[in-house]
1. Choose one of 78, 174, 105: the residue whose Cα lies farthest towards the positive end of the charge dipole of region 46-195 (beta-carbon charges +1 Lys, Arg; -1 Asp, Glu; about the Cα centre).
2. Can you tell me the dipole magnitude for the chain around its Cα centre, using point charges on the Cβ only (Lys, Arg +1; Asp, Glu -1), in Debye to the nearest 20?
3. Using a probe of 1.4 angstrom, how much of the accessible area of the chain is carbon and sulfur, in percent?
4. Out of all DSSP beta bridges with both ends in the chain, state the antiparallel percent to the nearest 5.
5. What do you get for Rg/Rh of the chain when both radii come from the Cα atoms and Rh is the Kirkwood radius?
6. Above 15 Å lies some portion of the pair distances; for region 39-99, what is it as a whole percent of all C-alpha pairs?
7. Give, rounded to the nearest 20 debye, the magnitude of the charge dipole that region 39-99 has about its Cα centre when Lys and Arg contribute +1 at Cβ and Asp and Glu contribute -1 at Cβ.
8. Among 142, 19, 126, which residue has its Cα furthest toward the positive end of the charge dipole of the chain, with +1 on Lys/Arg Cβ and -1 on Asp/Glu Cβ?
Amino acid sequence: MKARGLIVAISGPSGVGKGTVLAKVEEIMEKADPGSVGHSISVTTRAPRGQEKDGVEYYFRTKEEFEQMIKDGRIVEYDQYVDNYYGTPSEPLVEMMDKGQDILFDITIEGSLALDRKFGDDAVTIFILPPSMEELENRLRGRGTETEEKITKRLEQAKAEIRRAGEFEYIITNDDLDKAAGEVLAIITAEKLKASKNIRTAKELE
Ligand code: 5GP
C-alpha cells in the first residue's frame, strides 16, 4: 500500500524566495516520480491580480462565502493576510494525501502551525530565512514594485516573523536556490522515513 502523502508547509518573510524554492523542489520531485506532487488551491477573499483565474491560482470568494465555508467545516485552516482571508479547502487535501501525493504549501505562519497541529506526523513545517536582513531588503527593492513606505513595513513584518522561526520543525537559509531546494528535499525524505510512518511495513515482515 502506498504511504499517505506528506504536507510540506513552508513559511518565511515576504521576499525570502519561498515560491522559487518550492517550484524547484516540485520540479525535482515530479521528475523523479511524475504525479507525486498534489496541488492545493486556496480560497481567498482578495481580488484576482492580472491574469489570475478562479480555480487556478485561487478560488476567489466573497467574505460572506468564505465565512460560510468555515461554518460548514470545509476549510482546514485559514488566516488573515493584509486584510484578506486565505484558507485551505479540506476535502481535496485529504483526497490527495490518501492517494499518496505530497502537497507543498507556501503559507502564513499560523497556517503552517495549524496544519501541523491537525495532521501531526503527516505534516512537516519549514521556516525559510534570508541570508541577512540587508539581502532581504535588496530582494524586496529588486522587485521594483513597492513604495519606500511599503518596504519599511515589510521589513518590520519580516523581523516579527523571523522571531517566530523557533516554532517550526526545521529552519533553512535561502542563500543559494539549489542548496535550499536540496535541503527541503532532504527534510521530505527524512520525514517519510520516520519509524512512526513505517512501522506497519516492518510489522508485515514479522
Ligand atoms: P498572495 O496574495 O500574494 O497570493 O498571498 C499572500 C500570502 O497568503 C502568501 O504569503 C501565502 O503564504 C499566503 N497564503 C496563500 N494561501 C494560503 C492559505 O490557504 N492559507 C494560509 N494560511 N495562507 C495562505
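The values are calculated or read from the model by the stated rules, or taken from the named source; none is laboratory data. A quick note: this is a predicted structure, and the numbers were derived from the prediction, not measured. For neighbour counting, all protein chains shown are included, and Cβ atoms are generated from backbone atoms with ideal geometry for every residue, glycine included. Areas reflect the complete protein model, heavy atoms only, side chains present, ligands, DNA and RNA absent. Shrake-Rupley method; radii C 1.70, N 1.55, O 1.52, S 1.80 Å.
1. It is 78, whose Cα lies furthest towards the positive end.
2. 120 debye
3. 51 percent
4. Just about 30 percent of them are antiparallel.
5. 0.98
6. 48 percent
7. Dipole of region 39-99, to the nearest 20 debye: 140 debye.
8. Checked the options; the winner is 126.
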